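Accompanying notes for the structure given below.
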Amino acid sequence: MALQGLRGGTGTTSLLAALAESLTQAGHSVLCIDLDPRNQLRLHFNHPWQDDSGWAIAEQADAAWHEMAFSLGERLTFLPYGRGEGIAENLDSAWRDVPDIWSRRLAQLDPQRYDWILIDVPFDHPSHQRQIRRLASLWLTVANADAACHALLAERPVGVNEYLLVSRFSPRSLLQNDLLAIWQRQHDDWLVPCSIHQDEAMFEALAHKRSVIGHRSDSLAARDVQRLAAWLQARGATP
């Protein structure tokens, strides 16, 4: 399953980390893959800031990409992007010649090892998006109920098995309530029936290098994520 922000700053990476932990708590084994050169996903799993390792670094060094994965407990595995100068630009160029590279990579994994594979797809790297579009059995587009996302949705085609998830929703905002009502009418066929509320606990979690599930499981955002996980499990959206 892929998660991608409609634009930057929608909280997609924080949401993916929390969703991964929620699924592991439900007894599933989860692999998280960070395709974003910003390399932020690892920080939600208490990974050392100074560690630059990741699958992109391994690829540049002709090393095994999957050996860069880290385990957090028995059920959660995460694969950082890594940090290095010019890596994203080099990969964008190389992937144009190998459009099925991630299909090949995921085929190398033991199909019995993971119940879920969650992929963080950056909004501003088309080559990453094209690669994962071919693979994802479910695609969550994460949006905030604001004017910028509303304008972007108006001109955006909807892909197969794609769903729109509203994040950082504040019921106190008249604008957000109005936009959500409009989206419920205009995008009802692909709008996820639960939203992730604006919650300070989500911001605090990253400061503690945790997901909101690990940091404040009793928070409103954590309960929202748990409802999202239940909705996904009910759909049977395993890879």
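The values are calculated or read from the model by the stated rules, or taken from the named source; none is laboratory data. None of the values given here were measured: they were computed from a predicted structure. Every residue, glycine among them, receives a Cβ derived from its backbone with ideal geometry; neighbour counts consider all protein chains shown. What goes into the accessible areas is simple: the full protein's heavy atoms, side chains included, and nothing from ligands, DNA or RNA. Shrake-Rupley method; radii C 1.70, N 1.55, O 1.52, S 1.80 Å.
Identification of helices (runs of 4 or more DSSP H) wholly contained in the range 148-239 with 1 or more residues that are more than 17 Å from Ala18 (Cα to Cα) and touching a Ser or Thr at 6+ places or on another chain (Cβ under 9 Å) yields 174-186. Listed by first and then second residue, the pairs linking a residue in the range 1-21 that is free of Cβ contacts under 8 Å to residues at least 40 places away in the same chain to a residue that is open to solvent by 10 Å² or more (accessible area, probe 1.4 Å) and among the β-branched types (Val, Ile, Thr), with Cβ atoms under 8 Å apart and 6 or more places separating them unless they lie on different chains, form an empty list. Within the range 181-210, residues that are open to solvent by 50 Å² or more (accessible area, probe 1.4 Å) sit with their Cβ atoms under 6 Å from residues that are among the basic types (Lys, Arg) and part of a loop (DSSP other than H, G, I, E, B), at 6+ positions apart or across chains, in these pairs: Gln198/Arg168. Within the range 110-118, at least one residue is within 26 Å of Glu74 (Cα to Cα) and of a type in the set (Asp, Glu).
Put simply, of Asn39, Asn46 the only residue that is at positive phi, in contact with a His (Cβ under 9 Å, 6 or more places away or on another chain) and either surrounded by fewer than 18 Cβ atoms within 10 Å (Cβ to Cβ) or not β-branched (Val, Ile, Thr) (or both) is Asn46. Residues that are crowded, with 17+ Cβ neighbours inside 10 Å and free of Cβ contacts under 8 Å to residues at least 60 places away in the same chain are absent from the range 153-160 altogether. The single residue among Asp224, Asp178 that is without any contact (Cβ under 8 Å) to a residue 24 or more places away in the chain and either open to solvent by less than 50 Å² (accessible area, probe 1.4 Å) or not small (Gly, Ala, Ser) (or both) turns out to be Asp178. Condition check for Arg75 on (1) open to solvent by less than 10 Å² (accessible area, probe 1.4 Å); (2) touching a helix residue (DSSP H, G or I) at 6+ places or on another chain (Cβ under 7 Å); (3) under 29 Å from Arg227 (Cβ atoms): one failure, at (1).
All conditions but one from (1) closer than 25 Å to Gly11 by Cβ; (2) crowded, with 18+ Cβ neighbours inside 10 Å apply to Trp65; the one that does not is (1). Residue pairs whose Cβ atoms lie under 6 Å apart, separated by 6 or more positions or on different chains, with the first residue in the range 89-106 and modelled with pLDDT of 75 or more and the second open to solvent by 30 Å² or more (accessible area, probe 1.4 Å), are Ser103/Leu135.
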